[in-house]
Amino acid sequence: MQTNADLNFLEISGLLSGECQELSFERKWALSLEEGGVRTEEVSFSGKMKNLAGDLSLSGTVQSTLVSECARCLAPVSEKLQFEIEVPVVTGETENEDAVPAKGEKVDLLAVAEENLLMRWPMRLLCREDCAGICPKCGQNLNESTCSCDKKEIDPRLEGLADFFK
Ligand SMILES: [Zn+2]
Ligand SMILES: [Zn+2]
């Protein structure tokens, strides 16, 4: 029986004993990560773990869909995030900070996917590059139509001065 923990890990005893040189994997998790108002509902990681004359490496594609509200107009946005990774895996002590430590004869695939996803996490999402946003005065979504508000921004510190010149 496969438990959730089994789904997170890749069993590598065959690689370590030299029984095989390569292991393929394909995993998908219903993982809800949230950071700065951007969240994900699903993460997948597929690739290969190799043993080349004792050098272990993990490579593959991490994919997820990020959902949020547009940072300017608050419309719902979803964006696909996909990238390739290749990292060395070590079974003992190492000074290589990029290396993934194996836990016994297992590698925590979910932890690798999650860590790399967070490194590429966007600060914010926009519905489109040139989103015009919302009018701060009347709340009109400026992508849909314009409004007649005065768009000249008045610095609150200068407001008194503007009165003075009236
Ligand atoms: Zn927008
Ligand atoms: Zn307006």
Check your understanding: Can you work out ³J(HN,Hα) from phi for every residue in the stretch 71-79, in order, using Karplus 6.51 cos²θ - 1.76 cosθ + 1.60 and θ = phi - 60°, giving whole Hz and x for Gly and Pro?
Key -> 5, 9, 10, 6, 5, x, 10, 10, 9
**Study point:** Loop-located GluC sites (Glu not before Pro) in the stretch 1-54 whose Cβ has at most 10 other Cβ within 10 Å (DSSP)
**Key:** 19
Check your understanding: Extent of the chain along each principal axis, from alpha carbon coordinates, in Å, largest to smallest?
Key -> 86, 34, 24
Exercise for review: State the number of lysine pairs found in the stretch 1-112 whose Cα atoms come within less than 17 Å, restricting to pairs 8 or more positions apart or on distinct chains.
Suggested key: 5
Review point. Once fully extended, how much extra length lies between residue 150 and residue 32, figured as 0.36 nm per residue of separation less the alpha-carbon to alpha-carbon distance?
Key: 38.3 nm
Check your understanding: Fewest first, what order do 121, 29 take by the number of other Cβ atoms within 10 Å?
Key -> 121, 29
Point to revise | Fully extended contour minus Cα-Cα distance, from residue 115 to residue 82, at 0.36 nm per residue | key: 10.5 nm
**Study point:** Which of 95, 84 has the fewest Cβ neighbours within 10 Å, and the rest in rising order
**Key:** 95, 84
Exercise for review: Apply 1/(1 + (r/R0)^6) to the Cβ-Cβ distance of residue 91 and residue 67, taking R0 = 41 Å, and write down the FRET efficiency to the nearest 0.05.
Suggested key: 0.65
Check your understanding: Residues with beta-carbon under 13 Å from that of residue 108, excluding residue 108: net charge, scoring Lys, Arg +1 and Asp, Glu -1?
Key -> -2
Exercise for review: Using the number of other C-beta atoms within 10 angstrom as an exposure proxy, rank 117, 74 with the fewest first.
Suggested key: 74, 117
Practice item. Would you give the gap between the C-alpha center of the stretch 72-124 and the C-alpha center of the stretch 1-68, rounded to a whole Å? Key: 10
Review point. Taking the Cβ of residue 48 as the center, what net charge do the other residues with Cβ under 11 Å away carry, scoring Lys and Arg +1 and Asp and Glu -1?
Key: -2
Exercise for review: Give the angle, between 0 and 90 degrees and rounded to the nearest 10, that separates the Cα long axis of helix 109-119 from the longest principal axis of the Cα atoms of the chain.
Suggested key: 30
Study note, to complete from the structure: Sequence order, the stretch 7-17: Karplus ³J(HN,Hα) from phi using 6.51 cos²θ - 1.76 cosθ + 1.60, θ = phi - 60°, Hz rounded, Gly and Pro as x, gives 5, 6, 9, 10, 7, 10, 4, x, 5, 5, 7
Exercise for review: Evaluate the distance, in nm, between pseudo-label points positioned 7 Å from the Cα of residue 137 and of residue 17 along their respective Cα→Cβ axes.
Suggested key: 7.6
Point to revise | Relative packing of 63-70, 86-93, which averages over residues the other C-beta atoms within 10 Å, highest first | key: 63-70, 86-93
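Here, each number is a calculation from the coordinates, and none is a lab measurement. Here the structure is a predicted model, which is why all the values come from computation and not from measurement. Positions of Cβ are backbone-derived with ideal geometry, glycine not excepted, and every protein chain shown enters the neighbour counts.
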